[in-house]
Amino acid sequence: METNQRPYHLVVFGASGFTGQFVAEEVAREQVASGHSSSLPWAVAGRSREKLQRVLERAALKLGRPTLSSEVGIIICDVTNPASLDEMAKQAAIVLNCVGPYFYGEPVVKACVENGTSCIDICGEPQFLELMYWKYHEKAAEKGAYIIGSSGFDSIPADLGVIYTKNKMNGMLTAVESFLTIHSGPEGLCIHDGTWKSAVYGFGDQSNLKKLRNEANLKPVPIIGPKLKRRWPLSYCRELSSYSVPFLGADVSVVRRTQRYLHENLEQSPVQYAAYINMGGITSVIKLMFVGLFFLFFVRFGIGRQLLIKFPWLFSFGYFSKQGPTQKQMDGSSFTLRFFGQGYSQGFDPEKGKPNTRICTQVKGPEPGYVATPIAMVQAAMTLLNDASDLPSMGGVFTPGAAFFRTKLIDRLNQRGIEFSVISSSEV
């Protein structure tokens, strides 16, 4: 990627926010790990110079790099001030956008597209991601900017995991189910309420997503082999000895968009996909069902959404809080995403029989929200900087899978603790 004319290769926008501070720390860690200290000029951006300075000082202390805060640029800008966003975009090859909830994302995308700056976002709301495609894809292609959403835990492990499974299949992969398990240590789990707010606004905006998809009027992607059956809202996964419910994050939307892109642009056979999250035993199931019922009831009304946002700890039974997780909670948490795929061996005609090949793969990594997400986001940025010849030939608005399926992103993630592996593969 061309970086000569810009003072900074990377700018972390929203670096003083809860997630942004960890992304800034991860960029500093990447500089050391890859030996790029002098050849990766970068900056942090946000509204308050003091807060940004404090983020750099904390990162310097944590990483044992006393000179860090004097080596990193600081850019003052505000998401409500388009001129300041333009100034930021003009100085960066890639903006790592950590400002949320998602409806703050469009001004950043607009500024990046208009200034030919690439942008990596960790927003996981399907309506935002799909709207950005329809509004900015052609202009981004014209300007040579790569706009890549959902580049954190939502949805790099799922999107790249399906591509990895497809690449490891000895034959044609036609359908995949994924099961997410979140592991917590003795301190338990906690998620910052920024994620809760995004979910509240996202679910409250479902009608706009339906309207957007109806207006897009896309022709259906062909189904190869038998149609993947949907599981019950609560089902038992024998392979993992656990109850599971459908995963309501962005993964399904993102993977389906990637599969459409690969089919329409590269004539690859599309893979059907469904995503679930493991609940563990029956006690966890009951607790989380109450959280889900409260959430789905209140999110339908304006006053209900206000209550959900004001009292996240109460309505989520302690899973979400305004303080976010402690360092001990993050250190004790991890995730495993298991993929169960089926398809056909080489030379076998899908129209002449049932799937005869199965494969099981997994992606595992550290705490999802504030450890794995910064790793995924920063490695996506490094891939964009270093693997230019393997990216789509023109810019545009892409899913991670569409942008990175030819690149070395999976190798980079493996080296940084987000590990992709094959568990088993067999013919039946």
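The values are calculated or read from the model by the stated rules, or taken from the named source; none is laboratory data. Given the structure is predicted, the values throughout are model-derived calculations rather than measurements. Cβ atoms come from the backbone with ideal geometry, glycine included; neighbour counts cover every protein chain shown. Surface accessibility is based on the protein's heavy atoms, side chains included, excluding ligands, DNA and RNA. Shrake-Rupley method; radii C 1.70, N 1.55, O 1.52, S 1.80 Å.
Return only the number of the condition from (1) assigned to a loop (DSSP other than H, G, I, E, B); (2) in contact with a helix residue (DSSP H, G or I) (Cβ under 9 Å, 6 or more places away or on another chain); (3) farther than 24 Å from I286 by Cβ that Y344 does not satisfy.
For Y344, the failing item is (1).
I'd like the full set of residues that are touching a strand residue (DSSP E or B) at 6+ places or on another chain (Cβ under 9 Å) and among the charged types (D, E, K, R), limited to segment 76-92.
Within segment 76-92, D78, E87 meet the criteria.
All but one of (1) in contact with a strand residue (DSSP E or B) (Cβ under 9 Å, 6 or more places away or on another chain); (2) at pLDDT 95 or above hold for I163; which doesn't?
I163 satisfies all of (1) in contact with a strand residue (DSSP E or B) (Cβ under 9 Å, 6 or more places away or on another chain); (2) at pLDDT 95 or above except (1).
Could you say whether any residue in segment 244-255 is open to solvent by less than 80 Å² (accessible area, probe 1.4 Å), in contact (Cβ under 8 Å) with a residue 12 or more places away in the chain and farther than 22 Å from P157 by Cβ?
No, segment 244-255 has no match at all.
Go through segment 113-155 and count every residue that is within 12 Å of G249 (Cα to Cα) and of a type in the set (A, V, I, L, M, F, W, C).
Matching residues across segment 113-155 total 2.
Please enumerate the residues belonging to segment 321-330 that are open to solvent by less than 90 Å² (accessible area, probe 1.4 Å) and at pLDDT 80 or above.
G324, P325, T326, Q327, Q329, M330
Scan segment 380-402 for residues that are under 14 Å from the mean Cα position of the chain (by Cα) and closer than 16 Å to C123 by Cα and jot them down.
Those that are under 14 Å from the mean Cα position of the chain (by Cα) and closer than 16 Å to C123 by Cα: A380, A381, F398, T399, P400, G401.
From the set of residues in segment 405-428 that are small (G, A, S) and over 17 Å from the mean Cα position of the chain (by Cα), which is modelled with the highest pLDDT?
Out of the qualifying residues, it is S421.
In segment 331-356, what residues are hydrophobic (A, V, I, L, M, F, W, C) and touching a Pro at 6+ places or on another chain (Cβ under 8 Å)?
F335, L337
Kindly provide the set of residues from segment 6-50 that are among the hydroxyl-bearing types (S, T, Y) and under 25 Å from G369 (Cβ atoms), ordered by number.
Residues satisfying the conditions are S16, T19, S34, S48.
Sort out which residues of segment 270-312 are open to solvent by 60 Å² or more (accessible area, probe 1.4 Å), in a helix (DSSP H, G or I), free of Cβ contacts under 8 Å to residues at least 60 places away in the same chain and more than 26 Å from S235 (Cβ to Cβ), and write them in order of number.
Result: I303, Q306, L307, K310.
Within segment 86-108, which residues are assigned to a loop (DSSP other than H, G, I, E, B) and over 18 Å from H9 (Cα atoms)?
Result: V99, G100, P101.
For segment 27-85, give me the residue count where each residue is β-branched (V, I, T), in a helix (DSSP H, G or I) and either closer than 25 Å to E106 by Cβ or open to solvent by less than 50 Å² (accessible area, probe 1.4 Å) (or both).
Total meeting the criteria: 2.
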